[in-house]
Amino acid sequence: ETGVTQSPTHLIKTRGQQVTLRCSSQSGHNTVSWYQQALGQGPQFIFQYYREEENGRGNFPPRFSGLQFPNYSSELNVNALELDDSALYLCATPGQNNEQFFGPGTRLTVL
Amino acid sequence: KQEVTQIPAALSVPEGENLVLNCSFTDSAIYNLQWFRQDPGKGLTSLLLIQSSQREQTSGRLNASLDKSSGRSTLYIAASQPGDSATYLCAVRQFNKFYFGSGTKLNVKP
């Protein structure tokens, strides 16, 4: 068990809608990273939050945004959903040696 | 831009074989490299972490090596078992960004 939880487990939305995904860590670490994993591909880095500020971003448009709260839980928000946004969304927090520990993911389907 | 490649994309072996999975990256300025296992539809389970200053790490039947100058890492699995069947992913950390390969899908036949 990594102690990283994500909700919801599955989600179905339609094109143009907005979605919010959530992540929390038992350890309450001050750093969280979000990833998108399309079917058959490796995870793609979306962004990282450190102490409530964005601290590194991958090649994703601004309609992907995030929040980190004082208790270090985090949200990923995606606006104007597109069919290609259908994927497994993963969050991760670092361990003692800066390894990444992942949550179980949220499966988003956009119709 | 960092690119991570894993070869082969898929591998099927009989139980008991020793096997090697390969990971290559284009920019050697990495902070660390991590190997993961992913079961279908699940999150990633960390297997081994190699810091940029290290050459290898071992955990049970798994051994990972890192040759930063040549941009390569290998994951060696000894005496494979059907329970090892999964997708294996490598990832490199560069500054505050993380880059993954597309994985090697391993099937170990009983």
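Could you check the stretch A:3-42 and list, in sequence order, the residues that are in a loop (DSSP other than H, G, I, E, B) and either within 11 Å of the chain's Cα centre (by Cα) or over 21 Å from residue B:39 (Cβ atoms) (or both)? Matches in the stretch A:3-42: A:14, A:15, A:16, A:17, A:18, A:26, A:27, A:28, A:29, A:30. Selection within the stretch A:69-91: residues that are within 14 Å of chain B (Cβ to nearest Cβ) and out of contact with any Gly (no Cβ under 7 Å at 6 or more places or on another chain). The member of this set that is nearest to residue A:13 (Cα to Cα) is A:86. The set of residues in the stretch B:40-53 that are farther than 12 Å from residue B:93 by Cα and modelled with pLDDT under 95 comprises B:40, B:41, B:42, B:43, B:44, B:45, B:46, B:53.
Of all residues in the stretch A:92-105, how many are in contact (Cβ under 8 Å) with a residue 60 or more places away in the chain, facing chain B (nearest Cβ under 7 Å) and either part of a strand (DSSP E or B) or over 17 Å from residue A:75 (Cα atoms) (or both)? Qualifying residue count for the region: 3. Entry remark, the stretch B:4-38: residues being at pLDDT below 95 and loosely packed, with under 13 Cβ neighbours inside 10 Å number 3 in total. On the given criteria, is residue A:89 on the phi > 0 side of the Ramachandran plot and in contact (Cβ under 8 Å) with a residue 40 or more places away in the chain? When the stated conditions are applied, residue A:89 does not pass them. Determine whether residue B:89 is in contact with an Asp or Glu (Cβ under 7 Å, 6 or more places away or on another chain) and closer than 22 Å to residue A:48 by Cα. No.
Kindly indicate whether residue B:58 is away from chain A (no Cβ under 11 Å), in contact with a strand residue (DSSP E or B) (Cβ under 9 Å, 6 or more places away or on another chain) and farther than 17 Å from residue A:100 by Cβ. So residue B:58 fits the description; yes.
The values are calculated or read from the model by the stated rules, or taken from the named source; none is laboratory data. Predicted, not measured: the structure shown is a model, and the values here were computed from it. Reconstructed Cβ throughout: ideal geometry from the backbone, glycine too, with neighbour counts over all protein chains shown.
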